[in-house]
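Visitor: Would you mind keeping the following structure in view while I ask a few things?
The values are calculated or read from the model by the stated rules, or taken from the named source; none is laboratory data. Quick caveat: nothing in here was measured; it's all calculated off a predicted structure. Note that we place each Cβ from the backbone using ideal geometry, even for glycine, and neighbour counts take in every protein chain shown. Note: accessible area is taken over every heavy atom of the protein model, side chains too, but ligands, DNA and RNA are not part of it. Shrake-Rupley method; radii C 1.70, N 1.55, O 1.52, S 1.80 Å.
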Amino acid sequence: MTWWIKARRAHTVVPIAFGAYVVLLITFRSGSVVLPSLTGGSTQVALSLFIPIPLLSGLALCLDSRLDAAESTGVRPIRYLDGALVIATVGAAAAASAIVGAAFDDSVTAAVGRNTLFLAGLMLITRPLLGQPGVLLPVAWLLTVCLCGFRAGNDPYPWTIVPEPLGAPHAAAGAALMFAAGLAVQLRFARNLS
């Protein structure tokens, strides 16, 4: 287990990425920015939509740090250790966003945990197809949402998931399904990644 932690750099990268995540949660909270939209006019987008990106980048870096020879010939359950790392990281992120959201009475901040689940699942699904560039798909999703994910009056389309309010049941279900699918892909294709 010690060699796996060192090979993945989980003991350094994940704490730094998680620390950045918490600092951004506290700093941005309900802050927003006006961005141009392809659907006409401009949209008011919460800065908190972008908070999961540094954490997911750190997680992807850990999952891509491998000892290929040792992992292909070893009998240790590497894919399950990687899955545990994903669950622990994303679970801690969801808990942190819930705690910070409750501390500041801010539902936008509390929704960041749900968004982290959704974007992590999206990243994990695309890693077998794209490899390391798979970490860019959550960024591409966020840019797509910002550019064409809002109707008039700054109302997000249901497919966007991430800008939906905390209590939106379809967003919670979509995030849970995306994370479950991403975790299943991670567990199935862990050794096939290069």
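Visitor: Net charge within 11 Å of residue 63 by Cβ-Cβ distance, Lys/Arg positive one each and Asp/Glu negative one each, not counting residue 63 itself?
Guide: Values: positive: 8, 9, 66, 79, 127; negative: 64, 82.
With Lys, Arg at +1 and Asp, Glu at -1, the neighbours total +3.
Visitor: Work out how much length residue 16 to residue 2 would gain on full extension: take 0.36 nm times their residue separation and subtract the Cα-Cα distance, in nm to one decimal.
Guide: Details: separation 14, 0.36 × 14 = 5.04 nm, distance 1.89 nm.
Taking residue 16 through residue 2 to full extension adds about 3.2 nm, to one decimal.
Visitor: For region 90-194, what are the per-bin percents of Cα-Cα distances with bins 10 Å wide, up to the bin holding the maximum?
Guide: In order of increasing distance, the bins hold 16, 42, 32, 10, 1 percent.
Visitor: Further question: How large, in percent, is the carbon and sulfur part of the accessible surface of the chain at a probe radius of 1.4 Å? It would help to have the intermediate numbers written out before the result.
Guide: Details: 6370 of 9040 Å².
Of the solvent-accessible surface of the chain, carbon and sulfur hold 70 percent.
Visitor: Something else: Please calculate how many Å² of accessible area region 126-194 carries per residue, with a 1.4 Å probe and no DNA, RNA or ligand atoms counted. Numbers along the way, then the final one.
Guide: Details: 3520 Å² over 69 residues.
I get 51 Å² per residue for this part.
Visitor: Which value, in Å to one decimal place, does the Kirkwood hydrodynamic radius take for the chain when every pair of different Cα atoms is included?
Guide: 17.1 Å
Visitor: Not counting ligands, DNA or RNA, and with a 1.4 Å probe, what is residue 32's accessible surface area in Å² rounded to the nearest 10?
Guide: Roll a 1.4 Å probe over it and residue 32 shows about 60 Å².
Visitor: Kyte-Doolittle mean at least 1.0 and Cα extent at least 24 Å along the axis: which DSSP H helices of the chain qualify? Show your work: numbers first, answer last.
Guide: Values: long enough: 78-103 (37 Å, 1.53); 107-130 (35 Å, 1.17); 169-189 (30 Å, 1.14).
Those that pass (Cα extent of 24 Å or more, hydropathy at least 1.0) are 78-103, 107-130, 169-189.
Visitor: Using only DSSP helix segments of four residues or longer, with each worth -39500 (n - 2.57), what per-residue ellipticity at 222 nm results for the chain after dividing by its residue count and rounding to 500? Intermediate results must be reported in sequence, preceding the final value.
Guide: Working: 8 runs with 126 residues, N = 194.
The helix-only estimate for the chain comes to -21500 deg cm²/dmol at 222 nm.
Visitor: Can I ask one more? Compare 21, 80 by solvent-accessible area with a 1.4 Å probe and give them largest first, with all protein chains kept in place.
Guide: Ranked list, largest accessible area first: 80, 21.
Visitor: Can you check how the C-alpha radius of gyration of region 137-182 compares to 2.2 N^0.38 Å, as a plain ratio?
Guide: Values: Rg = 10.9 Å, N = 46, 2.2 N^0.38 = 9.4 Å.
Against the empirical 2.2 N^0.38 Å value, I get 1.16 for region 137-182.
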